[in-house]
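Have a look at the structure below before the remarks.
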2 protein chains.
Amino acid sequence: MLNNNSDRLSEIFGALADPTRRAILVQLTQGPTTVGALQTPTPMSAPALSRHLKVLERAGLISREVEAQWRRCRLQAAGLRDAAEWIAEYRSFWDDKFDSLDAYLEETGKDSRTNSTRGAPDNDTD
Amino acid sequence: MLNNNSDRLSEIFGALADPTRRAILVQLTQGPTTVGALQTPTPMSAPALSRHLKVLERAGLISREVEAQWRRCRLQAAGLRDAAEWIAEYRSFWDDKFDSLDAYLEETGKDSRTNSTRGAPDNDTD
DNA sequence: ACTTTGATTAACGAAACTGTTAAATAGCTA
DNA sequence: TAGCTATTTAACAGTTTCGTTAATCAAAGT
């Protein structure tokens, strides 16, 4: 587990940190789209939009296929899965019903325990 | 659903887009910690670390309590939950075994099937 | 009071991000 | 070939981010 993993997550989260880019991802859930079609719901110059797409592509969240003079953008959700998996490591810290021991104690009517006995996510940084 | 939600997500994802900050969150899963204790695994000047903590605090991912001359940092996972929920809207796009009916069956303990009735996430941008 | 310790703010510079307009590229179409 | 459309790249400016060192603030110990 080297630095690569860490930088990849940084790129994914960084790509998601912009409302315009998240809106693009939302739009792409409706199916592959040309850049021009994305421009309508995203009031922005073509070059600006193009750069957002490049950020999303570098993060692996979309792919682009050349099709005549169009570029067809397609959602690539694997990156989102990776992000979701990273965050899921923390689920026991916000979801009391997660963590099997907590669930057991809850069912048996006992109280929950403190943070320190919960499983910690792996550190993905060098 | 106004712009607020969107900006909050931007701050959360932006905070997660840095390996140092993710490492801090990992460390905080071990329990609340003073800033000084965070500095050991994070080779960085104190001011730099302090600013990372401020970013995490503004994103709502940590809280800081004053305790004598120390600031005790505590993981606040609600923000991670919000991020996870946003991403989870896309789950059907990476997980073929997931759709709303599958989710229902999963919750009710029944087996999962495969299906292509995918739902689109809500657009959280203005 | 004076010093030490823990942490933040101030000030600064380098690098990255975001948007713009103008120019370039590439593929259709006439 | 010329011209139109779709998209990207170049060049530029404003803002933000990230790190540094120096200075400041606040609490504790002596």
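The values are calculated or read from the model by the stated rules, or taken from the named source; none is laboratory data. Predicted, not measured: the structure shown is a model, and the values here were computed from it. Glycine also receives a Cβ, built like all others from the backbone with ideal geometry; neighbour counts cover every protein chain displayed. Note: accessible area is taken over every heavy atom of the protein model, side chains too, but ligands, DNA and RNA are not part of it. Shrake-Rupley method; radii C 1.70, N 1.55, O 1.52, S 1.80 Å.
Neighbouring Cβ atoms from other chains, within 10 Å of the Cβ of residues in A:69-82, number 2 on average. Computed on the Cα atoms alone, the convex hull of the range B:3-79 gives a volume of 84 cubic angstrom per residue.
For the residues of A:23-31, the average number of beta carbons from a partner chain within 10 Å of their own beta carbon is 4. Heavy-atom accessible surface of A:ASP96, to the nearest 10 Å², is about 80 Å², with a 1.4 Å probe and all protein chains retained.
Position B:GLY31: other-copy label points at 5.6 nm, ordered by increasing distance, label point 7 Å along Cα→C-beta.
Simple spin-label estimate for A:THR40 and B:SER45 gives 5.1 nm between the two label positions (7 Å along the Cα-to-Cβ direction from each Cα). Relative to the other identical copies, A:ARG8 shows label-point distances of 3.1 nm, where the label point lies 7 Å from Cα along the Cβ direction and values run shortest first. Using the Cβ-Cβ distance between A:ALA78 and B:ARG58 with R0 set to 25 Å, the FRET efficiency from 1/(1 + (r/R0)^6) comes to roughly 0.25.
Computed packing ranks the peptides B:64-70, B:10-16 as B:10-16, B:64-70, most packed first, by mean other Cβ atoms within 10 Å. Relative to the other identical copies, A:GLU65 shows label-point distances of 5.6 nm, where the label point lies 7 Å from Cα along the Cβ direction and values run shortest first.
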